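Note sheet for the following structure.
Computed from the coordinates by the stated procedures, all read-outs in this text should not be read as laboratory data. Just so you know, these numbers come straight off a predicted model, no measurement behind them. Positions of Cβ are generated from backbone atoms using ideal geometry, with glycine treated the same way; all protein chains shown enter the neighbour counts.
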Amino acid sequence: MSDIILEGKDLKKYYPIKTGVLRRTTGHVKAVDGVSFELRKGETLGIVGESGCGKSTLGRLLMRLEEPTDGHVFFGGEDMAKASTSQMRKLRRDIQIVFQDPYTSLNPRMTVGDIVGEPFEIHSDVIPKGGRRKRVQELLDLVGLNPEHINRYPHQFSGGQRQRIGIARGIALNPKVLICDEPVSALDVSVQAQVVNLLEKLQNELGLAYVFIAHDLSVVRHISDRVGVMYLGKLVELGEEDQVYEHPTHPYTQALLSAVPVPDPTLRGKRDQIVLVGDVPSPANPPSGCRFHTRCWRAQDVCKAEEPILQDRPDGVTQHRSACHFAEPRTVVERSE
């Protein structure tokens, strides 16, 4: 287990619901509710799920941009919740984040050189004195931008170029882990491929580990080594990429994958699409037992009464866990060659 670099244990984040003139707490929105996982050195862990399932909140918890209501985040074996301000400043060198929207995550009043070089103001010992401009130009070149554009402003770049600027800022301190919070969802499809290829290139060159948060299942499959599926604040399936995509065991994962478009027309008729009934329940009042039972075709009485735990597949396949009382592998359409 020495290769585990980042670990979440029973992470929870509840946001209070305040009502009335006195703003009394009358309930909680359970954005993240008991999530546990491990990230190994140099691997990519993809986190997928519908909007509002808690993916981005999980990413912010891992960065300690949000304080967890309960649970722990361990980075290199050190509990980040117990780290002091000075200790967190050191940890920030090793764990960075790339935000979703390249239009709002960059300060429009700062030049690209100032944006990418800002981490060096906080960690001035990372580069020698007077070497900041050269390092920023090297970073711009590394992400595929013209180093001579160091004095331009964000509005002078396209969306894909702005996201490259955000990535350059994220890798400036040579981190070990990069949290990618839907880094391509705001980009055109052709630009998405370029940014994903860039992330893979940087991973190979710099030895980075990624937590890649997205709702696009195709993008996650392309870049991830392992995949975790979230529903209403919980991980419902976690395993190797090929196992989760080709033999999903949780009904929710099966429904998600059945909706992915198949480009090869000869394969389209080989897969039955699963249409879920009903709406996603409110995270402020989630169902008892299994949170998916209100939309699940396999649901029985035990699903309403007992919450399933994330455990290995019933057929003995290890490193592929599912939180379902009646989990069973379901083969989906194989990827065409």
Per the rule of 0.36 nm per residue minus the C-alpha distance, extending T85 to E328 adds in nm 82.9 nm
Here, N174 and A193, labelled 7 Å along Cα→Cβ, have an inter-label distance in nm of 3.4
Shape descriptors of segment 105-190 over alpha-carbon atoms, Rg and Dmax in angstrom, are 12.7, 41
For V191, V196, ascending order of other Cβ atoms within 10 Å (fewest first) is V191, V196
Among the Cα-Cα pairs of segment 16-93, the proportion with separation greater than 17 Å, in percent, is 57
For the chain, the dipole about the Cα centre with charges only on Cβ (Lys and Arg +1, Asp and Glu -1), to the nearest 20 debye, works out at 1180
Given 25 °C, 0.890 mPa s and a Kirkwood radius over Cα pairs, the Stokes-Einstein diffusion coefficient of segment 250-332 in µm²/s is 172
One quarter of the C-alpha convex hull surface, i.e. the mean projected area of the chain in nm², amounts to 20.3
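Taking R0 as 25 Å, what's the FRET efficiency between V317 and D3 from their Cβ-Cβ distance, rounded to 0.05? Don't skip to the answer; put the middle values down first.
Values: r = 21 Å, r/R0 = 0.84.
E between V317 and D3, to the nearest 0.05, is 0.75.
Can you tell me how segment 158-232 classifies by the Cα gyration tensor, rounded, prolate or oblate, using a/c under 1.5 as the rounded cut?
Numbers: a/c = 1.64, a/b = 1.13, b/c = 1.45.
In terms of gyration-tensor shape, oblate.
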From the Cα centre of segment 210-244 to that of segment 113-188, the distance in Å is 27
Per the 1/(1 + (r/R0)^6) rule, R0 = 25 Å and r from the Cβ atoms of E78 and E121, FRET efficiency to 0.05 is 0.50
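If the limit is 27 Å between Cα atoms, which of K82/K201; K41/K234; K41/K134; K41/K129; K82/K134 go over it?
Values: K82/K201 34 Å; K41/K234 24 Å; K41/K134 29 Å; K41/K129 31 Å; K82/K134 36 Å.
The answer is K82/K201; K41/K134; K41/K129; K82/K134.
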Two pseudo-spin positions, 7 Å from Cα along C-beta at E67 and at L22, lie apart in nanometres by 2.4
